[in-house]
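The values are calculated or read from the model by the stated rules, or taken from the named source; none is laboratory data. For clarity, every value in this text was computed on a predicted model and none was experimentally measured. A quick note on method: Cβ atoms are made from the backbone with ideal geometry, for glycine too, and the neighbour counts reach across all protein chains shown. Surface areas here come from the heavy atoms of the whole protein model, side chains and all, with no ligands, DNA or RNA. Shrake-Rupley method; radii C 1.70, N 1.55, O 1.52, S 1.80 Å.
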Amino acid sequence: MNPLEAGIPACKPVSVQTSLNDFLAGVQSRAYHVAYGALWEREVSLDVVQDSMLRFVEYYRDKPEKEWPALFRTVLNSKINDQRRKRLLGNTTRKLLSLTGLGYSRDNEDTGMLENELPQPAHEDGFSQPEAGATDGELKGKIELALRKLAERQRQVFLLREQLGLSIRETAETLGISENSIKQHHFRALRAMRKSLAEVWEHEHA
């Protein structure tokens, strides 16, 4: 049973429930790549997608289906911005604590929350399978680092186009921007990725 069905009233026609579930299933993967491209934290991005779906079902399930993509995109962007504000607040708090010499005790729950918001140096999951060898793992890490250097929109477009395999039109619809913008961001992302990975390759084989 789809966990989101709990947010759909029983009085709704079965066909409407099916359409809504199909819509959410269709946008889930795209939404994750958009969130991950913006936030660069896998677990946080998954939470953002889930929260966005629940909020969408709660507020917009009765809207015409043709309006769902734009409405869901609005909800997703709002949730992403919420996470940005939380991250900014956490960073500001840490800076103030550092300047004042104050700190939290180890058993304070807020400490754990703030520590969890710190950027991770690298992610262990990603482009290669868990059982891949050390070489694949090293390459994956280099790709992750190269992706980290991209501008947010470039990273979103790159993930949607290269990892998810969306067309230019599909990517434009997902992000709510023009196809020309998608082409520009994709070109710049590819150029930056090639440059970053070429520099790594030349350094290791110098």
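Set the Förster distance to 35 Å, then compute FRET efficiency between Asn180 and Tyr59 from the Cβ-Cβ distance, nearest 0.05. Don't skip to the end; give the middle numbers.
Numbers: r = 32 Å, r/R0 = 0.91.
Working from the Cβ atoms, E equals 0.65.
Keeping all protein chains in place, calculate the accessible area per residue for the range 16-69 (probe 1.4 angstrom), answer in Å².
Working: 2630 Å² over 54 residues.
Per-residue value: 49 Å².
Send over the per residue convex hull volume for the range 140-180, Cα only, as a whole number of Å³.
Normalising the Cα hull of the range 140-180 by residue number yields 62 Å³.
Taking R0 as 41 Å, what's the FRET efficiency between Lys66 and Arg148 from their Cβ-Cβ distance, rounded to 0.05?
After rounding to 0.05, the efficiency reads 0.65.
With respect to the cross-link table entries Lys66/Lys142; Lys63/Lys149; Lys142/Lys183; Lys63/Lys86; Lys66/Lys195; Lys66/Lys183, which display a Cα-Cα separation exceeding 32 Å?
With Cα atoms farther than 32 Å apart: Lys66/Lys142; Lys63/Lys149; Lys66/Lys195.
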